[in-house]
Amino acid sequence: MTALSPAPHKMSARGVSVFYGDKQAVKDVSIDVDMDKVTAFIGPSGCGKSTFLRTFNRMNDTIASARVTGEITLDGADIYADDMDVVQLRARVGMVFQKPNPFPKSIFENVAYGPRIHGLAASKSDLEAIVERSLKRAGLWEEVKDRLSDSGTALSGGQQQRLCIARAIAVDPEVILMDEPASALDPIATAKIEELIHELRGRYAIVIVTHNMQQAARVSQRTAFFHLGQLVEYGETDNLFTAPREERTKDYITGRYG
Amino acid sequence: MTKPASPAAHAPERQPTDWKSAAMQKRIRRRYAAERRFRMLGAGAVIVSAAFLAFLLVTMVAQGWRGFTATELALPLDLKAAQLKVTREQLNSPAADLALASGGLEEAVQNAAVTAFGPDGASFLAPSAWVWVRDAVKRDPSLLERRATINVPAATGFDQALTGDGDAAMEAGVARLTRQNAIRRGFNWTFLHESDSTDPVAVGIWGALKGSLMTMAITFLIAFPVGVLSAIYLEEYAPKNRWTDLIEVSINNLAAVPSIIFGLLGLAVFLGTWEIGGRVYGPMLPRSAPIVGGVTLALMIMPVIVIASRNAIKGVPPSIRDAALGIGASPIQVVFHHVLPLALPGILTGTIIGMARALGETAPLLLIGMRAFIVTPPGSFTDPATVLPVQIFLWSDEVSRGFVEKTSAAILVLLAVLLAMNGLAIYLRNKFETRW
Ligand SMILES: Nc1ncnc2c1ncn2[C@@H]1O[C@H](COP(=O)(O)OP(=O)(O)O)[C@@H](O)[C@H]1O
Ligand SMILES: [Mg+2]
């Protein structure tokens, strides 16, 4: 696999398998995540993309039947090691979910919550500055700056998703995981999210799950194609879409199934 | 068997649906009729229950309002002429009550009644009438030196004769005093600030009301935190295995256990004694007291609170938990910052349903001795006390006619407390729900 290399990566997965009870949902997957590249996971529904993505911030811990084997490192440190604090890990590796899930609180509170519980703001004005910066980075500031005390759930779907991105950004993460962040949105809102991903690239290592191949082609530099829990092909996005090495990849990107 | 027909070739040509055919019209009519029947049934059910409620309220108010009014007699007194053996100094001392009693005040009051209302005048006064005079004298010692008219409570029999329900002698008295213009009807403050008594004129609800409030306070302080914490633990932390299933089934069954069983439990556990190794231990709690009543009722309503809280917590969307966990909230932060605030309206509703049930409960309290004859309101959680429903039960059992209206009046007080509690619940629910 061309992209795998021993050089230091932001995050690396080596031989990761995930089981739900006896059922194996992810089979021996190895992948690298780097700061300057957006990594896309594509593949048909149910092939284990979300499951694998959730191993990167240990969200699978919340599912009683889930079991993870293999090794995942963040800056070289094993995130499943006993001395890794999950709470801190999830602040460093933020997550944006498929369905926008703002807290039923004000827009300001949505963004301020993370910095507050992690003690990132020294004062009220500091907190306000963090909120403003995060909303600006998420491209939402202009739309909401006059109604920060309105409920986050009163925003449109696309705005809610950008609010969730702002919320993730506010705790100053190093990696952002996005699980089909635009699948519940209309084309215009989707375009905004994609644009945003472009702008965030470089500042954060981004991993995005998508079932939309055009989207993967548009936003990512590196793509991993999954099928039935296996990593079928992994490489530079341009190569994977123009010259897939595997028959199954070719079938998928030419729309033969999925 | 038949061989499958090839649909295109052999299926008979389908006629276009005739939506206006008689059969269709009949179907439509039947559908509308069914709709109407169901609506009428529903409306009927609502009307029947509303009628029952209205009937209950009307009877209670009709009978109960007299409980809130008192018949008083304007009694002309000349205490100077009565020559009471009481000095000014005694009046200002703590022994004033005793001095007035031994100084012949009661006799003086009865004599005044005879003078003013005729030979049987004394029988028109309630036995406690002289106590009213005593209190008036203590407030205003100058009454000992002059003539004055003081309102004193009428006897129960007189009060009933006023409603056409007394004996002949009293009826005659009512007629006479009406002519003398000596009958007053006023608000019955006694009923609001006194406790139980053998004389229906002198009874009050305050003792039972205070007992109820104290008992409810204990019940709430135990059942709410324990119930909600159990619910949080079971929903958010407990592993899902056979033991937690067993606990869940037990809690559900406990919610359905008849209340009197909890009374037996309270009696056995809190009031029981154990002899271990020659020494007697217990009882843990004093009999008849709000504390033992409150603990017993807390055990009774805890399952209700646990079940309601668990459902409310279950109703919080998992996506909110994911969102909080996803930015690094710890499990306890997820619970207290996100899950509980969203579940609170449901938790409060369940709690109020439980508290309302506890407030109206009689049977278990009878078993732990809260049916005592309580003439002074409980001063602390360990004093003997009774509660509103038990007081109602006791009064409804009295032979004296005067207790009928007091019973209804007490029911009105109980209903008012219930309404106040529900009102508080609705207020709190709206407050938490409209926050966003
Ligand atoms: N909580 C769970 N418990 C058991 N099986 C699960 C759970 N979540 C997902 N799975 C199974 O794991 C497989 C991969 O699911 P998922 O990672 O959601 O796929 P994708 O995101 O690619 O659509 C599917 O077969 C799914 O049924
Ligand atoms: Mg998925």
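The values are calculated or read from the model by the stated rules, or taken from the named source; none is laboratory data. Keep in mind that this is a model prediction, so the values were computed, not measured. Note: ideal-geometry Cβ built from the backbone for every residue, glycine included; neighbour counts use all protein chains shown. Quick note on the areas: whole protein, heavy atoms, side chains included, nothing else; ligands and nucleic acids left out. Shrake-Rupley method; radii C 1.70, N 1.55, O 1.52, S 1.80 Å.
Values as computed for the structure displayed
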read-out: A:Ala184 open to solvent by 30 Å² or more (accessible area, probe 1.4 Å) and within 16 Å of ligand 1 (Cβ to nearest atom); value: yes
read-out: Residues located in the stretch B:323-341, provided they are surrounded by fewer than 20 Cβ atoms within 10 Å (Cβ to Cβ) and at the interface with chain A (Cβ under 7 Å from one of its Cβ atoms); value: B:Ser330, B:Gln333
read-out: Residue within the stretch A:163-170 that is within 16 Å of ligand 1 (Cβ to nearest atom), β-branched (Val, Ile, Thr) and under 18 Å from A:Gly94 (Cβ atoms) present; value: no
read-out: Residue satisfying all of: in the stretch A:168-181; touching a Lys or Arg at 6+ places or on another chain (Cβ under 7 Å) and either farther than 17 Å from A:Trp141 by Cβ or open to solvent by 50 Å² or more (accessible area, probe 1.4 Å) (or both); nearest to the other protein chains (Cβ to nearest Cβ) among these; value: A:Pro173
read-out: Wholly within the stretch A:150-258, strands (runs of 3 or more DSSP E) carrying at least 3 residues that are more than 16 Å from the chain's Cα centre (by Cα), more than 16 Å from ligand 2 (Cβ to nearest atom) and in contact (Cβ under 8 Å) with a residue 12 or more places away in the chain; value: A:230-236
read-out: Positions within the stretch A:118-147 being of a type in the set (A, V, I, L, M, F, W, C) and open to solvent by 40 Å² or more (accessible area, probe 1.4 Å), in sequence order; value: A:Leu120, A:Ala122, A:Ala129
read-out: Among the candidates B:Gly211, B:Gly204, residue that is closer than 16 Å to B:Ser408 by Cα and open to solvent by less than 60 Å² (accessible area, probe 1.4 Å); value: B:Gly204
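Yes/no matrix, rows are residues, columns are (1) open to solvent by less than 30 Å² (accessible area, probe 1.4 Å); (2) within 13 Å of ligand 1 (Cβ to nearest atom); (3) not aliphatic (A, V, I, L, M):
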position	(1), (2), (3)
A:Val26	yes, yes, no
A:Ile31	yes, no, no
A:Leu53	yes, yes, no
A:Thr69	no, no, yes
A:Asp85	no, no, yes
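Every residue, every condition in (1) in a helix (DSSP H, G or I); (2) more than 37 Å from the chain's Cα centre (by Cα); (3) at pLDDT 85 or above, yes or no:
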| site | (1), (2), (3) |
| --- | --- |
| B:Ala62 | yes, no, yes |
| B:Leu84 | no, yes, no |
| B:Leu91 | yes, yes, no |
| B:Leu100 | yes, yes, no |
| B:Glu107 | yes, yes, yes |
| B:Gln110 | yes, yes, yes |
